[in-house]
Structures are given as structure tokens and as C-alpha cells.
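Colleague: Below: one structure in C-alpha cells.
Where a number appears in this text, it was derived from the coordinates with a stated rule and is not lab data. As the structure is a prediction and not an experimental result, all values here were calculated from the model. So basically every Cβ, Gly included, is an ideal-geometry build from the backbone, and we count neighbours across all protein chains shown.
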Amino acid sequence: MDEKLLNQEVFRNMDPEKLKIMKELEQSAKGKQLKDTAPLLMNASQKLKEKNMSFSPEETAALLEVLTIGMSPAEKAKVDMMKRMVFK
């Protein structure tokens with residue numbers, strides 16, 4: 001994961017287990033299209049649930065920022081639209 005991103009407050013204060021799962025997700029999603037990341041997101045969510053954890057809205061927003069790195073402008077627009085619907 002990019003060091004610049006890791007220096008954001010949300011990552012510095014994140015539970016180490018959540019950060020580990022987020023890093024795994026970022027690595028497995030790297031270079032994939034948006035439609036191919038949905039199962040990966042579900043898998044990460046399930047791992048967190050097994051540990052009685054979940055991503056906060058701030059952590060989710062940061063995660064989406066990480067996952068959109070390298071996406072096409074059209075895919076980023078889709079993610080932005082989904083964020084507006086989820087985080088209204």
C-alpha cells in the first residue's frame with residue numbers, strides 16, 4: 001500500500017487487524033476492474049465479521065480511495081456514484 005495513503009490519520013489509527021485485511025484486499029484487487037472487486041470486498045467483510053469487526057464509514061471511504069487507484073475514469077465515476085448513495 002502506498003506510504004502516502006498509510007500516513008493518513010484513518011490508517012494510522014486503524015486497528016492492526018483491520019489494516020491487515022485492508023492491505024490484503026488492496027493487493028488482491030490491484031489491477032482488477034470494479035465488477036471483479038465485489039467478491040473481494042465481500043470476502044474482506046466476512047473476515048472482519050468473523051472477528052466481530054467492521055469498517056467504519058471513514059475507513060470504508062479510505063478503502064474505496066485505495067481501490068480506485070489505477071481504475072479508468074468511468075469506473076471511478078461509478079465508485080463515486082456508489083459512495084454518494086451509501087454515504088449520503
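Colleague: Lys23: out of contact with any helix residue (DSSP H, G or I) (no Cβ under 6 Å at 6 or more places or on another chain), of a type in the set (Lys, Arg) and assigned to a helix (DSSP H, G or I), yes or no?
Modeller: yes
Colleague: If the requirement is being of a type outside the set (A, V, I, L, M, F, W, C) and surrounded by 12 or more Cβ atoms within 10 Å (Cβ to Cβ), which of these qualifies: Lys32, Lys49? Step through it out loud before you land on a result.
Modeller: On the way: Lys49 fails: surrounded by 12 or more Cβ atoms within 10 Å (Cβ to Cβ).
Being of a type outside the set (A, V, I, L, M, F, W, C) and surrounded by 12 or more Cβ atoms within 10 Å (Cβ to Cβ) holds for just one of Lys32, Lys49, which is Lys32.
Colleague: Right, another one. Of all residues in the stretch 57-88, which are surrounded by 14 or more Cβ atoms within 10 Å (Cβ to Cβ) and among the hydroxyl-bearing types (Ser, Thr, Tyr)?
Modeller: The answer is Thr60, Thr68.
Colleague: Say whether the condition of being of a type in the set (Asp, Glu) and closer than 21 Å to Met85 by Cα is met by at least one residue in the stretch 42-55.
Modeller: Looking through the stretch 42-55, none of the residues is of a type in the set (Asp, Glu) and closer than 21 Å to Met85 by Cα.
Colleague: Which residue pairs have Cβ atoms closer than 9 Å, lie 6 or more positions apart in sequence or on different chains, and pair a first residue in the stretch 39-59 that is over 16 Å from Leu19 (Cβ atoms) with a second residue that is of a type in the set (Phe, Trp, Tyr)?
Modeller: So the pair list comes out as Pro57/Phe87.
Colleague: Within the stretch 7-23, track down each residue that is under 10 Å from the mean Cα position of the chain (by Cα) and over 12 Å from Phe55 (Cα atoms).
Modeller: Lys23
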